[in-house]
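Everything on this sheet refers to the single structure shown next.
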Amino acid sequence: MPTAVFYRADTPPQQAEAERLYGRAALAAYVEGTDGRLMRSMKSILGSSLLEQRTDIGGGRAVRYADVVAGYLRRLKQLAEARAGGALSRAVLGRPVYFVDDDPARDARAQAALEAAARQVGFTELHFQYEPIAAALDHESQVEREELVMVADIGGGTSDFSLVRVGPARRGRVDRRDDILGNHGVHLAGTDFDRRIELASILPLLGYGARRPTRAGEAAREPPPEVPSAIYFDLATWHLINTVYAPARLAELRGMKGWYADPRHHARLLATLELRLGHALAAAAEQAKIDVATQGRAAIDLAALERGLTAQLSERDAAQALEADLERIVEAARETARRAGVGPGQVDTLYFTGGSTGLAPLVARIAACFPAAGAVRGDRYASVAQGLGLHARAVFGPGR
């Protein structure tokens with residue numbers, strides 16, 4: 001379930017709290033243009049001064065950020081209790097190695113805030129485990145000797161690397177902090193890949209990168225200038241897509257027909273805005289990324305925009321579009337080993353988790369940095385949760 005909550009602005013005034021939607025339902029409400037406020041990546045505000053501040057959610061209502069976090073945890077607890085068939089009062093919560101980089105006091109406040117939110121919704125016994133340790137626990141259950149494992153957790157928003165020591169003698173220990181030898185990451189991952197792919201394969205059909213014609217009385221330039229690109233960057237950035245539908249931007253675009261040498265480009269871009277197809281194009285780019293990862297190429301159906309319109313994306317095209325991002329992510333893996341004082345040849349295992357590790361060129365480039373390491377693929381979406389479950393068994397006992 002995506003970490004997202006949507007507060008509906010049309011909740012009746014007599015209702016004490018605004019109606020909320022969670023996960024994919026929250027994202028769908030935002031994409032469909034429902035009046036309200038979407039919030040994502042709530043963990044990022046833990047440890048900040050924002051936590052006790054209030055934010056407008058529409059309909060004349062406001063809510064504390066701390067209550068947003070608690071509300072999401074309450075929803076998770078309700079779903080878990082429905083599945084378990086009874087009340088739950090114990091929990092293991094995952095946490096990053098650092099909520100806040102280079103600030104131990106704020107990092108401690110972040111964990112305390114998460115603990116307070118969990119207790120607010122009814123958890124009475126809490127334990128925390130580091131997410132890279134959790135990701136490695138399933139692998140640890142199968143190893144017969146001590147290993148150095150590079151955990152590569154590459155999801156939607158960040159690429160995080162941790163060098164972790166695992167082994168039979170460490171299995172079942174509650175405190176594993178000293179087993180994390182190094183940690184590093186970059187704010188680059190799946191959503192950035194989607195943006196690059198949309199700009200490379202879809203938006204050129206709408207005029208991105210196209211040259212405008214020379215106007216009457218204008219000195220010829222070689223090459224001619226490109227059409228303005230700002231609207232394309234916004235159209236490819238998930239949280240900015242709704243801004244391109246503003247009446248002022250539509251009016252501006254309608255007056256720019258003369259900027260396009262190919263009138264089809266202008267017509268397609270205008271139709272995208274008028275029909276509010278921005279999120280559909282973003283979804284098509286994401287699916288293309290998945291198809292390339294699983295099949296080696298993608299045929300992108302854009303019939304919703306124009307009958308018979310398609311775009312093609314090969315694995316080579318995708319790798320070229322993502323080159324700069326991939327290199328930064330691979331360098332983060334190298335830097336993690338350097339921070340741990342471990343040579344590339346000393347890493348025994350690469351453990352891949354997170355949705356974006358399905359991208360074969362990325363995995364291959366990381367693997368090439370650690371030639372002696374074997375590659376293990378965890379559950380891309382659930383390995384951290386599975387590891388937290390194993391840790392829960394260790395701290396609470398089976399069946400508790």
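So the values come out like this:
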item	result
Relative contact order %, the chain, counting alpha carbon pairs below 8 Å whose residues are six or more apart	16
For region 245-372, diffusion coefficient by Stokes-Einstein and Kirkwood Rh (Cα), 10 °C, 1.306 mPa s, µm²/s	89
The chain - accessible surface per residue (Å², probe 1.4 Å)	49
Förster radius 51 Å - calculated FRET efficiency between Asp103 and Arg254 (Cβ-Cβ, nearest 0.05)	0.55
Radius 11 Å from Cβ of Ala236, net charge of other residues (Lys, Arg +1; Asp, Glu -1)	-2
Region 1-85 pair-distance distribution - Cα-Cα, 10 Å bins, rounded %	17, 48, 31, 4
Computed log₁₀ I(q)/I(0) - Debye formula, equal Cα scatterers, no solvent, region 303-400, q 0.17, 0.21 Å⁻¹	-0.90, -1.12
Within a Gaussian network of the chain (alpha carbon springs, distance under 10 Å), most fluctuating of Tyr260, Tyr232, Tyr22	Tyr260
Those lysines that a straight Cα-Cα span of less than 25 Å connects to Lys77, excepting residues fewer than 8 apart in one chain	Lys43
Neighbour net charge for Gly296 - beta-carbon separation under 10 angstrom, K R +1, D E -1	0
For the chain, fraction of C-alpha pairs farther apart than 30 Å, in %	51
Expected-Rg normalisation [2.2 N^0.38 Å, Cα atoms] applied to region 286-330	1.31
Derived scalar couplings ³J(HN,Hα) [region 175-182; Karplus, 6.51 cos²θ - 1.76 cosθ + 1.60; whole Hz; x for Gly, Pro]	9, 10, 4, 6, 8, 8, 8, x
Cβ-Cβ FRET estimate between Gln78 and Arg316, R0 fixed at 51 Å, reported to 0.05	0.65
Surface share of carbon and sulfur [accessible, 1.4 angstrom probe, percent] for the chain	50
Alpha-carbon Rg with Dmax, taken over region 2-158, Å	17.9, 62
Local electrostatic count, Arg249, Cβ distance below 12 Å [Lys/Arg +1, Asp/Glu -1]	-2
Helix 131-140 vs. the chain, principal-axis angle (Cα, 0 to 90°, nearest 10)	60
Surface/4 estimate of mean projected area, convex hull on alpha-carbon atoms of region 199-316, nm²	8.1
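The values are calculated or read from the model by the stated rules, or taken from the named source; none is laboratory data. If you're wondering where the values come from, they're calculated on a predicted model, not measured in any experiment. FYI the Cβ positions are ideal-geometry reconstructions off the backbone, even for glycines, and counts take in every protein chain you see. Quick note on the areas: whole protein, heavy atoms, side chains included, nothing else; ligands and nucleic acids left out. Shrake-Rupley method; radii C 1.70, N 1.55, O 1.52, S 1.80 Å.
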